[in-house]
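Here the structure is laid out as structure tokens; the discussion comes afterwards.
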Number of protein chains: 2
Amino acid sequence: MADFERGVLDAFRAANPGAPFIKLADRRVFYAREQYAEQFGSDWGRAINAITRHADFYRNLPVIAGAPEALREMREAGHEVFLCTSPLTGSRWCVPEKLAWVENHLGASWLDRIIIAKDKTLVGDRLRQCILVDDRPVIQGLADPPPWTHVLFDAPYNQNQAEQRPRLSCWSDWRSALSPYLDGH
Amino acid sequence: MADFERGVLDAFRAANPGAPFIKLADRRVFYAREQYAEQFGSDWGRAINAITRHADFYRNLPVIAGAPEALREMREAGHEVFLCTSPLTGSRWCVPEKLAWVENHLGASWLDRIIIAKDKTLVGDRLRQCILVDDRPVIQGLADPPPWTHVLFDAPYNQNQAEQRPRLSCWSDWRSALSPYLDGH
């Protein structure tokens with residue numbers, strides 16, 4: 001829903017004008033801090049890490065195009081939709097600002113549909129067909145296998161996945177991309 | 001973990017000296033606002049409701065005796081333990097203050113074990129034996145039946161349950177009270 005990568009890059013460049021940076025299309029691993037450390041040295045890795053821990057970082061993340069519309073359409077189509085998000089360990093701002101973000105961009109009615117869990121495999125219901133749309137390539141936890149089908153939301157750093165996987169490239173494609181993993185709709 | 005009822009009563013009496021109040025032992029329904037409204041009129045019901053929406057209400061809730069020790073013992077015994085909590089709809093303080101409460105009373109290492117979900121039936125794993133210890137008499141949601149055995153944590157307002165149910169009367173009893181619903185321990 002929120003464009004974390006764009007938010008990191010914009011905030012990093014604003015805080016470090018003239019510093020080396022990685023274009024979004026060139027991001028190759030999930031954690032930006034790792035790629036910055038590898039390409040530019042550990043100081044820049046730490047600088048990236050610090051960006052995500054500043055007040056207002058999460059609150060100001062831009063919306064990914066089409067996300068609010070897709071959520072609304074999913075609910076209109078009769079699906080139960082929840083926003084499942086993992087907090088950034090050690091950040092006091094992450095959770096309250098994610099709540100504020102949802103209220104600002106989706107409306108207060110979505111606040112009760114937020115589920116906050118570090119381990120997303122503990123969220124869902126094996127008695128239903130559940131889908132987790134997430135850009136993180138590998139999502140593991142205590143529940144193995146997880147109760148949902150992971151549909152990978154496209155991002156530059158998750159293109160190097162060898163196997164064929166369910167994917168969603170942009171939110172407006174949600175009906176065709178998700179329908180194979182849902183029945184009754 | 002947190003003594004919500006004691007916190008409500010103490011804050012209510014501090015804010016409304018001389019007002020009628022209901023002793024904890026005389027609380028009969030889950031929502032204090034409903035019982036206050038019924039016994040004393042709707043203004044007092046609203047006054048109770050407002051207490052829980054003040055800044056610092058959740059942050060200052062007292063700890064239920066033995067809760068931190070029981071959690072520590074559970075983990076030492078090899079159990080996976082999470083703190084599953086529902087946010088108060090419409091309160092901007094509830095979630096961040098619950099996080100602060102956990103950090104203050106249990107330590108920062110528990111922050112990643114918090115799962116925040118309005119619908120607790122969506123949390124857990126049917127492939128494991130899960131227990132939800134909760135004082136709310138009826139917990140329903142999308143997952144039916146839920147993936148956990150509900151063990152009712154004793155409270156005055158949940159004593160009027162007709163049927164025999166699994167109960168936990170105080171945290172120090174956790175081993176004997178929960179063991180029938182866990183295997184391998």
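The values are calculated or read from the model by the stated rules, or taken from the named source; none is laboratory data. From a predicted model like this one, the values you see are computed outputs, not experimental measurements. Backbone-built Cβ (ideal geometry, glycine too); neighbour counts: all protein chains shown. Heavy atoms of the whole protein, side chains included, go into the accessibility calculation; ligands, DNA and RNA do not. Shrake-Rupley method; radii C 1.70, N 1.55, O 1.52, S 1.80 Å.
Only a single item in (1) under 17 Å from the mean Cα position of the chain (by Cα); (2) surrounded by fewer than 15 Cβ atoms within 10 Å (Cβ to Cβ); (3) not in a helix (DSSP H, G or I) is not met by A:Pro20, and it is number (1). Determine whether B:Asn60 is under 22 Å from B:Asp154 (Cα atoms) and not assigned by TED's automatic domain parsing to the domain that holds B:Val151. Here the answer is yes, as B:Asn60 does meet what is asked.
Restricting attention to region B:55-73, and to residues there that are part of a loop (DSSP other than H, G, I, E, B) and either open to solvent by 70 Å² or more (accessible area, probe 1.4 Å) or on the phi > 0 side of the Ramachandran plot (or both), which single residue is farthest from the other protein chains (Cβ to nearest Cβ)?
Step one: filter region B:55-73 for residues part of a loop (DSSP other than H, G, I, E, B), giving B:55-62, B:64-66.
Add one more test, that the residue is either open to solvent by 70 Å² or more (accessible area, probe 1.4 Å) or on the phi > 0 side of the Ramachandran plot (or both), and what stays is B:56, B:59-60, B:65-66.
Details: B:Asp56: 15, B:Arg59: 13, B:Asn60: 18, B:Ala65: 28, B:Gly66: 25 Å.
The extreme case among them is B:Ala65.
Taken over region A:74-93, the criterion of being in a helix (DSSP H, G or I) and either touching a residue at least 40 places away in the same chain (Cβ under 8 Å) or of a type in the set (A, V, I, L, M) (or both) is satisfied by A:Met74 alone. Tell me yes or no: at least one residue of region B:66-87 is more than 27 Å from B:Trp174 (Cα to Cα) and modelled with pLDDT of 95 or more. Looking through region B:66-87, none of the residues is more than 27 Å from B:Trp174 (Cα to Cα) and modelled with pLDDT of 95 or more. Kindly check whether there is at least one residue in region B:139-157 that is in contact with a Pro (Cβ under 7 Å, 6 or more places away or on another chain), closer than 27 Å to A:Trp110 by Cβ and within 13 Å of another protein chain (Cβ to nearest Cβ). No: zero hits.
One residue stands out among those in region A:74-96 that are within 10 Å of another protein chain (Cβ to nearest Cβ), among the β-branched types (Val, Ile, Thr) and open to solvent by less than 40 Å² (accessible area, probe 1.4 Å): the one that is nearest to the chain's Cα centre (by Cα), which is A:Thr85.
Just checking, how many residues over region A:166-185 are touching a residue at least 40 places away in the same chain (Cβ under 8 Å) and outside any helix (DSSP H, G or I)? Don't jump to the end; show me each part of the working.
Our first condition is that a residue be touching a residue at least 40 places away in the same chain (Cβ under 8 Å); within region A:166-185, this holds for A:170-172, A:174-175, A:178, A:181-183, A:185.
Restricting the remaining residues to those that are outside any helix (DSSP H, G or I) gives A:170, A:182-183, A:185.
The qualifying residues number 4.
Results for (1) within 28 Å of B:Glu97 (Cβ to Cβ); (2) surrounded by fewer than 19 Cβ atoms within 10 Å (Cβ to Cβ); (3) charged (D, E, K, R), shown as yes or no for each residue.
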position: B:Lys118; (1), (2), (3): yes, yes, yes
position: B:Arg126; (1), (2), (3): no, yes, yes
position: B:Gln129; (1), (2), (3): no, yes, no
position: B:Pro137; (1), (2), (3): yes, yes, no
position: B:Leu152; (1), (2), (3): yes, no, no
position: B:Asn158; (1), (2), (3): yes, no, no
position: B:Glu163; (1), (2), (3): no, yes, yes
position: B:Tyr181; (1), (2), (3): no, yes, no
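For beta carbons closer than 6 Å, sequence separation of 6+ or different chains, a first residue in region B:37-54 that is open to solvent by 20 Å² or more (accessible area, probe 1.4 Å) and a second that is among the hydroxyl-bearing types (Ser, Thr, Tyr), the qualifying pairs are B:Trp44/B:Tyr36; B:Arg53/B:Ser91. For region A:99-138, give me each residue that is part of a loop (DSSP other than H, G, I, E, B) and within 12 Å of chain B (Cβ to nearest Cβ). Passing the criteria: A:Lys118, A:Asp119, A:Gly124, A:Asp125, A:Arg126, A:Leu127, A:Arg128.
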